[in-house]
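Visitor: For reference, the structure I am asking about is given below.
The values are calculated or read from the model by the stated rules, or taken from the named source; none is laboratory data. Nothing here was measured: the structure is a model prediction, and the numbers come from that model. Neighbour counts are summed over all protein chains in view; Cβ atoms, including those assigned to glycine, are modelled from backbone coordinates with ideal geometry.
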Amino acid sequence: MLKENLKYHHCLVFPDSKDITYYFSPGRINIIGEHIDYNGGLVFPCAISLGTYAAISLRDDDTISLYSENFKENGVISFSLSNELLKTGIWVDYVKGVISEMKTDGHRITKGFNAYIFGNLPNGASLSSSASLELLFAEIVRELNNLELSDLDLVKYSQRAENNFVGLHCGIMDQFAIGMSKKNYAILLDCATLKYDYAPLELGDNVILIMNTNKRRDLVTSKYNERCAECAEGLQLIRSNYKEVTHLCELEVSDLPEIEKVIADEVVYRRVRHVISEMGRVKKTFEALQINNIELVGKYINESHKSLKEDYEVTGLELDTIVKLAQSCEGVLGARMIGAGFAGCAIAIVKSSAVEAVTKKVKAGYLEKIGYDCNIYIAESNNRTTKI
Ligand code: GLA
């Protein structure tokens, strides 16, 4: 049914298309480990069932034509693979960026195609709609051009697209989660070494709720890059005394009193304190999961939000409101913002039996305080980007 639907729409935009193939790329949530991927930290994300679909038909030239149902106002966007790929400032840059980075490394990409795209991930909601799109096209381009690239290569090209082409200095978490996930597992990823383990996502009789504030992030790139720069500054100051440190996440919470002596700027110190304490919480969360102590997992999740709010300052009224409402409900073990922050989504770990009551209470409280609705749904884990 889904494919029929995609086919129908593909043919409306690109009439007379034959041999249509279909792909799906998920979004992601992150259980814990926020804003530490670009500091060499451990993160704990998993792919989700919401994501981005593409229906593709080959062309007999080297033009790529893209149409996204989510950005109808942009119409069909076409570019030739023979020309230099230029940044446009709209969604298509995520696709161009991946191809451009692959071409920079000498990969021969010549196959033109038409793509109809449809995503059920809310954009700008911290569920990684951009990485979903990057991996979707990394996968499509690899397959159509028979490129000898591993799944991990696709992850790296997608991150490079974001860093070099789009200009967001993001870490690798989102692309890794989307390009490497397995259903029913979360990935414990060490962003310093890219070593990873799949951990079964077993939460007993609890589920993860995704709570979308419906507040879209705007201008987040500059604030995100500002946080990266503050961390780099903190690291540099620490290195003037402790030369052997290469990433902030190598440090322990017990090092903080010494660190405070070398970082005079109070803001930079708080950023560093978030990073180091968050790294500690990821380790403790993983240990708690291994002994099935989900209550404890919830506690670290609550602490993560507090640190992101007070030390890292990447929350905001909507996220703080939704998280506080969730935390006040019976049956909620923990709640926190996810992703870059400022707006978008939070998650909550909730007893299955309490989902209905929690949803009702959070929705009503949010509407009363913020003046518009939030959306709440149960997160389902998913596999990596694939042909469907
Ligand atoms: C965004 C970035 C990720 C990561 C998160 C915060 O989603 O793309 O690399 O830094 O923010 O943890």
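Visitor: Does Glu278 satisfy the criteria of being acidic (Asp, Glu) and surrounded by fewer than 20 Cβ atoms within 10 Å (Cβ to Cβ)?
Guide: Here the answer is no, as Glu278 does not meet what is asked.
Visitor: Further question: Filter the range 252-287 down to the residues that are within 23 Å of the chain's Cα centre (by Cα) and charged (D, E, K, R) and list them by number.
Guide: Arg271, Arg273, Glu278, Arg281, Lys283, Lys284
Visitor: Of everything in the range 101-150 that's hydroxyl-bearing (Ser, Thr, Tyr), within 16 Å of the ligand (Cβ to nearest atom) and part of a loop (DSSP other than H, G, I, E, B), which residue is farthest from Ile376 (Cα to Cα)?
Guide: Ser128
Visitor: Further, regarding this structure: Can you give me the number of residues within the range 327-378 that are in contact (Cβ under 8 Å) with a residue 40 or more places away in the chain and either part of a helix (DSSP H, G or I) or not small (Gly, Ala, Ser) (or both)?
Guide: The number of residues fulfilling the criteria is 27.
Visitor: Is it true that Val350 is more than 13 Å from the ligand (Cβ to nearest atom), crowded, with 23+ Cβ neighbours inside 10 Å and either of a type in the set (Phe, Trp, Tyr) or more than 12 Å from Val207 (Cα to Cα) (or both)?
Guide: It is false that Val350 is more than 13 Å from the ligand (Cβ to nearest atom), crowded, with 23+ Cβ neighbours inside 10 Å and either of a type in the set (Phe, Trp, Tyr) or more than 12 Å from Val207 (Cα to Cα) (or both).
Visitor: Kindly check whether there is at least one residue in the range 331-339 that is among the charged types (D, E, K, R) and closer than 30 Å to Leu154 by Cβ.
Guide: Looking for residues that are among the charged types (D, E, K, R) and closer than 30 Å to Leu154 by Cβ, one finds at least one in the range 331-339, hence yes.
Visitor: Scan the range 56-79 for residues that are surrounded by fewer than 17 Cβ atoms within 10 Å (Cβ to Cβ), among the β-branched types (Val, Ile, Thr) and within 10 Å of Tyr116 (Cα to Cα) and report the count.
Guide: Here the count works out to 1.
Visitor: Right, here's the next one. Within the range 303-320, work out how many residues are in a helix (DSSP H, G or I) and farther than 13 Å from Ile31 by Cβ.
Guide: Selection size over the range 303-320: 10.
Visitor: A further question follows. Just checking, which of Glu258, Glu226 is exposed (fewer than 15 other Cβ atoms within 10 Å of the Cβ), within 16 Å of the ligand (Cβ to nearest atom) and at negative phi?
Guide: Glu226
Okay, residues lined up against (1) in contact with a Leu (Cβ under 7 Å, 6 or more places away or on another chain); (2) among the aromatic types (Phe, Trp, Tyr); (3) within 11 Å of the ligand (Cβ to nearest atom); (4) modelled with pLDDT under 95:
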{"residue": "Lys3", "(1), (2), (3), (4)": "no, no, no, yes"}
{"residue": "Tyr8", "(1), (2), (3), (4)": "no, yes, no, no"}
{"residue": "Asn30", "(1), (2), (3), (4)": "no, no, yes, no"}
{"residue": "Phe44", "(1), (2), (3), (4)": "yes, yes, yes, no"}
{"residue": "Asp60", "(1), (2), (3), (4)": "no, no, no, yes"}
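Visitor: Here's another thing I want to ask about it. crowded, with 23+ Cβ neighbours inside 10 Å, closer than 30 Å to Arg142 by Cβ and in contact with an Asp or Glu (Cβ under 9 Å, 6 or more places away or on another chain), is that true of Gly334?
Guide: no
Visitor: Whether any residue in the range 332-350 is touching a helix residue (DSSP H, G or I) at 6+ places or on another chain (Cβ under 9 Å) and farther than 25 Å from Ala177 by Cβ is what I want to check.
Guide: Scanning the range 332-350, I find no residue that is touching a helix residue (DSSP H, G or I) at 6+ places or on another chain (Cβ under 9 Å) and farther than 25 Å from Ala177 by Cβ, so the answer is no.
Visitor: Which of the numbered conditions does Tyr38 fail, given that it passes all the others? Conditions: (1) within 16 Å of the ligand (Cβ to nearest atom); (2) part of a strand (DSSP E or B).
Guide: In the conditions (1) within 16 Å of the ligand (Cβ to nearest atom); (2) part of a strand (DSSP E or B), Tyr38 misses (2) alone.
Visitor: Those residues that are more than 16 Å from the ligand (Cβ to nearest atom) and either among the charged types (D, E, K, R) or within 23 Å of Ile338 (Cβ to Cβ) (or both), I need them from the range 235-247; list them, please.
Guide: Residues satisfying the conditions are Arg239, Lys243, Glu244.
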